[in-house]
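Any read-out appearing in this document is the output of simple, stated calculations on the displayed coordinates, not a laboratory observation. Since we're looking at a predicted model, the values are computed, not measured. Every residue, glycine as well, gets a Cβ built from its backbone with ideal geometry; the counts of neighbours run over all protein chains shown.
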Amino acid sequence: MAENVIIIGSGPAGLTAALYTARANLNPLLLSGNEFGGQIALTNEVENYPGFPEGITGPELTELMKQQAEKFGARFETDHVSRVDLQKHPFTLETENGAHYEAKSLVIATGASPRRLGVPGEMELTGRGVSYCATCDGFFFRGKQVAVIGGGDSALQEGLFLTRFASQVHIVHRRSELRAQSVLQERARENEKINFVWDSVVQDIRGNGAVNMLNLVNVHTGAKSELPVSGVFVYIGHYPNTELFKGQLDMDDEGYLTVDERLHTKIPGVFAAGEAHDHIFKQAIVAAGFGCMAAMEVEKFLANLEFQGYPVNITNAAR
Ligand SMILES: Cc1cc2nc3c(=O)[nH]c(=O)nc-3n(C[C@H](O)[C@H](O)[C@H](O)COP(=O)(O)OP(=O)(O)OC[C@H]3O[C@@H](n4cnc5c(N)ncnc54)[C@H](O)[C@@H]3O)c2cc1C
């Protein structure tokens with residue numbers, strides 16, 4: 001039998017959609033993907049999610065969100081969706097674990113994944129000093145020198161976190177100005193373990209079995225330099241996880257899904273929430289808000305589906 005609603009992804013958007021659809025008695029099923037909690041679960045320092053004045057770790061926050069959704073009947077499966085067919089209704093999904101599902105409505109909350117540098121050595125040394133998650137791997141670099149690549153919020157936030165372990169954290173940024181919030185900039189500038197390497201990009205990452213050197217190039221002068229480090233943490237942005245929907249849903253050149261102001265995609269009953277479509281705000285609270293909006297639209301869609309059959313008139317469904 002077709003599920004009322006399947007939510008794809010377990011970041012703040014998916015978990016909030018699960019809470020709201022569960023409280024609407026829709027008995028939602030959430031397919032969590034391989035990374036429970038999504039990107040926010042990669043950080044130890046969430047200081048800007050309302051309701052936690054002392055801050056909270058990402059894994060704790062997402063575990064609490066899960067518990068809250070489960071309390072109202074949301075069901076969770078640890079599985080990654082590998083194929084979807086949105087051309088007929090109910091929609092069909094296949095997963096990496098070999099499960100097949102049918103769904104009357106879908107919330108796509110597949111979020112985003114970290115961009116790679118794309119330089120020699122990066123792939124070979126991933127897990128051997130190259131990391132995209134300070135929370136997961138910072139501990140291994142106690143007393144060692146590490147580099148953080150990037151100049152945005154994540155780079156500074158994670159760089160500051162790494163100062164708990166590393167003897168020195170070199171923040172390598174392609175410009176001479178940071179994009180990060182000023183509170184993070186201030187903290188980083190005041191932290192004596194942080195050293196900024198401005199106007200520089202990574203040319204390659206070296207190491208025999210484990211990272212021991214970064215080769216850098218100055219973007220203005222072309223001058224080359226070496227930075228001896230044991231770890232490299234890459235925070236240079238993200239790309240949306242929307243490959244799965246190529247050819248079935250509209251998306252922009254970067255792959256962000258196209259939705260209307262009520263998060264409807266062009267296919268009635270298919271909604272998107274969070275960083276799968278939001279390329280502007282990229283914050284957990286915003287993703288959670290989008291999850292709530294999508295869930296409320298699912299509720300209206302399913303109510304109208306019962307009376308009208310498919311395809312539901314989008315205008316009516318949205319009101
Ligand atoms: C290091 C770091 C620190 C951050 N710090 C903060 C912070 O302090 N405050 C803040 O507000 N924001 C922070 N952010 C941003 C915040 O994490 C994101 O804005 C938010 O997680 C986006 O939520 P989302 O639900 O849209 O997607 P994501 O969190 O990206 O979650 C996507 C989910 O979809 C799943 N998925 C993907 N493809 C599939 C598939 N095919 N099948 C099934 N599941 C799939 C993934 O496994 C994952 O569970 C940080 C981000 C990073 C990387």
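Can you work out the FRET efficiency for the pair LYS71 and MET1, with r the C-beta to C-beta distance and R0 = 30 Å, to the nearest 0.05?
After rounding, the FRET efficiency stands at 0.80.
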Relative contact order of the chain (C-alpha contacts under 8 Å, at least 6 apart) in percent is 20
Whole-Å distance linking the alpha carbon centroid of the stretch 215-266 with that of the stretch 130-161 is 18
Here the relative contact order (percent) of the stretch 21-150, from C-alpha pairs under 8 Å and at least 6 apart, is 22
Residue by residue through the stretch 180-197, the couplings from Karplus 6.51 cos²θ - 1.76 cosθ + 1.60 with θ = phi - 60°, in Hz, x for Gly and Pro, are 5, 3, 5, 4, 6, 4, 4, 4, 5, 5, 7, 7, 6, 7, 9, 10, 8, 10
In the stretch 50-180 the DSSP beta bridges are antiparallel at a rate, in percent to nearest 5, of 55
Stokes-Einstein, Kirkwood over Cα pairs, the chain, 10 °C, 1.306 mPa s; D in µm²/s equals 76
Taking every DSSP bridge whose two residues both lie in the chain, the antiparallel percent to the nearest 5 is 45
Rounded to the nearest 10, the angle in degrees between the Cα long axis of helix 12-23 and the longest principal axis of the Cα atoms of the chain comes to 30
Applying the gyration tensor rule to the Cα atoms of the stretch 130-234 (axes a ≥ b ≥ c; rounded if a/c under 1.5, else prolate if a/b exceeds b/c, else oblate), the class is oblate
Residues whose built amide H sits under 5 Å from the amide H of HIS170, excluding neighbours closer than 5 in sequence, are VAL146, ALA147, VAL148, ASN195
Restricting to lysines and to Cα separations under 23 Å from LYS300, and discarding same-chain partners fewer than 8 apart, the set is LYS71, LYS88, LYS104, LYS266
Diffing the stretch 203-213: the Karplus 3J(HN,Hα) column from phi (6.51, -1.76, 1.60, θ = phi - 60°), in whole Hz with x for Gly and Pro, holds 8, 7, 10, 10, x, 9, x, 7, 4, 9, 7
Rounded to whole angstrom, the alpha-carbon centroid of the stretch 59-95 lies from that of the stretch 268-297 at a distance of 15
Spelling it out for SER82: with amide H atoms placed in the peptide plane at 1.01 Å from N, the residues 5 or more places away or on another chain with amide H under 5 Å from its amide H are GLU94, THR95, GLU96
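Given the stretch 155-200, what whole percent of its Cα pairs are spread farther than 12 Å?
So the portion of pairs separated by more than 12 Å is 57 percent.
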Given backbone amide H placed at 1.01 Å from N, residues whose amide H is under 5 Å from that of THR43, ignoring those fewer than 5 places away on the same chain, are GLY58
So the angle from the long Cα axis of helix 153-162 to the longest Cα principal axis of the chain, reported in degrees to the nearest 10, equals 60
A correct Karplus calculation of ³J(HN,Hα) over the stretch 276-290, with 6.51 cos²θ - 1.76 cosθ + 1.60, θ = phi - 60°, whole Hz and x for Gly and Pro, returns 5, 10, 8, 9, 10, 8, 6, 10, 4, 5, 5, 4, 4, x, 5
Note: GLU102 to ASN218 extended length (0.36 nm per residue) minus current alpha-carbon separation gives 36.5 nm
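Pairs of alpha-carbon atoms within less than 8 angstrom and 6+ residues apart define the contacts here; what relative contact order does the stretch 130-234 have, in percent?
31
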